[in-house]
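This report concerns only the one structure given below.
The values are calculated or read from the model by the stated rules, or taken from the named source; none is laboratory data. Treat the numbers as computed from the prediction; the structure is a model and nothing was measured. Virtual Cβ from ideal backbone geometry, glycine too; neighbours counted across all protein chains shown.
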Amino acid sequence: MKKLCAVLLAVFIFLISCCSAFAAGINAAEQSVLSNMRSPANMNGHKIFVPTAYINQAEAHFNTIDMTQQQADKINALINAGRSFLEGTGKSNIKELSPSERRTLLSYASQAAAVLKLTAVAGSDETRIKITTKDGTIIVDESNNIIKTTGFSSLAVPIAAASFIFVVLILAAAGLISLKKRELENEEI
């Protein structure tokens, strides 16, 4: 009976330790896109980086999906085309771009977002972008305060609590059975 209790306890501890592993995680395809986003464009001798907040928000979204290598290849090609476009303008920063050049740059972002069935639109000053799902959920925004919840969901906590109670009840029942068994053995002697 002690072995049974030990095994049940070990299984319970294992299951509880796995509860936070619900997120999809970052696969190699997604990592390649994130790495490419971190590579700067060289605009007339000035390095222009994708804002860190955008990369963090994209990474948070990637934790909820499973991007294929084919999707990553399309997105990386569009990122590279956008970077080449920026470098070819002869400008020193994004704010110097003409409205037409900004629309072209937004077109690359829109095409990349569309690969994942997302929508990209111009932000407040047309040097930033906003990426949303079809239902309007914001994936990437210039406000820098989009925080994606990862780990335990509101459903995972009750499930973990119910699992804990179930295992405790099983262990209590096993203990009672063990005690009853010993009482019966003692009566026979």
All but one of (1) buried (at least 16 other Cβ atoms within 10 Å of the Cβ); (2) at pLDDT below 95 hold for R103, so report the exception by its number. (1)
Which residue pairs have Cβ atoms under 8 Å apart, sit 6 or more places apart or on different chains, and have a first residue in the stretch 85-107 that is part of a loop (DSSP other than H, G, I, E, B) and a second that is among the small types (G, A, S)? S92/G45
Check whether at least one residue in the stretch 94-108 is basic (K, R), in the same structural domain as L34 (by TED's automatic domain parsing) and closer than 19 Å to A28 by Cβ, and report yes or no. no
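Answer yes or no as to whether N36 is surrounded by 13 or more Cβ atoms within 10 Å (Cβ to Cβ) and modelled with pLDDT under 95. Break it down stepwise before answering.
Numbers: surrounded by 13 or more Cβ atoms within 10 Å (Cβ to Cβ): yes; modelled with pLDDT under 95: no.
Criteria not met by N36.
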Which residue pairs have Cβ atoms under 6 Å apart, sit 6 or more places apart or on different chains, and have a first residue in the stretch 55-75 that is in the same structural domain as L34 (by TED's automatic domain parsing) and closer than 15 Å to L118 by Cα and a second that is hydroxyl-bearing (S, T, Y) and assigned to a helix (DSSP H, G or I)? A72/S32
So, N63, is that one within 21 Å of A122 (Cα to Cα) and either surrounded by 13 or more Cβ atoms within 10 Å (Cβ to Cβ) or at pLDDT below 95 (or both) or not? no
All positions within the stretch 58-81 that are in contact with a strand residue (DSSP E or B) (Cβ under 8 Å, 6 or more places away or on another chain) and of a type outside the set (A, V, I, L, M): H61
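Restricting to the stretch 106-126, and then to whatever is β-branched (V, I, T) and in contact with a strand residue (DSSP E or B) (Cβ under 8 Å, 6 or more places away or on another chain), can you tell me which residue is modelled with the highest pLDDT?
Of the stretch 106-126, the ones β-branched (V, I, T) are 115, 119, 121.
From what's left, in contact with a strand residue (DSSP E or B) (Cβ under 8 Å, 6 or more places away or on another chain): 119, 121.
Numbers: T119: 92, V121: 88.
Once the filter is applied, the top-ranked residue is T119.
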Here is a list of conditions, (1) modelled with pLDDT under 85; (2) of a type outside the set (F, W, Y); (3) farther than 30 Å from A60 by Cβ, and A161 meets all of them except one; can you say which number that is? (3)
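Take the conditions in contact with a Phe, Trp or Tyr (Cβ under 9 Å, 6 or more places away or on another chain) and either surrounded by 13 or more Cβ atoms within 10 Å (Cβ to Cβ) or not charged (D, E, K, R) (or both) and apply them to V50. Does it pass?
Numbers: in contact with a Phe, Trp or Tyr (Cβ under 9 Å, 6 or more places away or on another chain): no; either surrounded by 13 or more Cβ atoms within 10 Å (Cβ to Cβ) or not charged (D, E, K, R) (or both): yes.
In short, no.
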Condition first: in contact (Cβ under 8 Å) with a residue 24 or more places away in the chain and within 28 Å of D66 (Cα to Cα). Now tell me which residues in the stretch 114-127 satisfy that. V115, L116
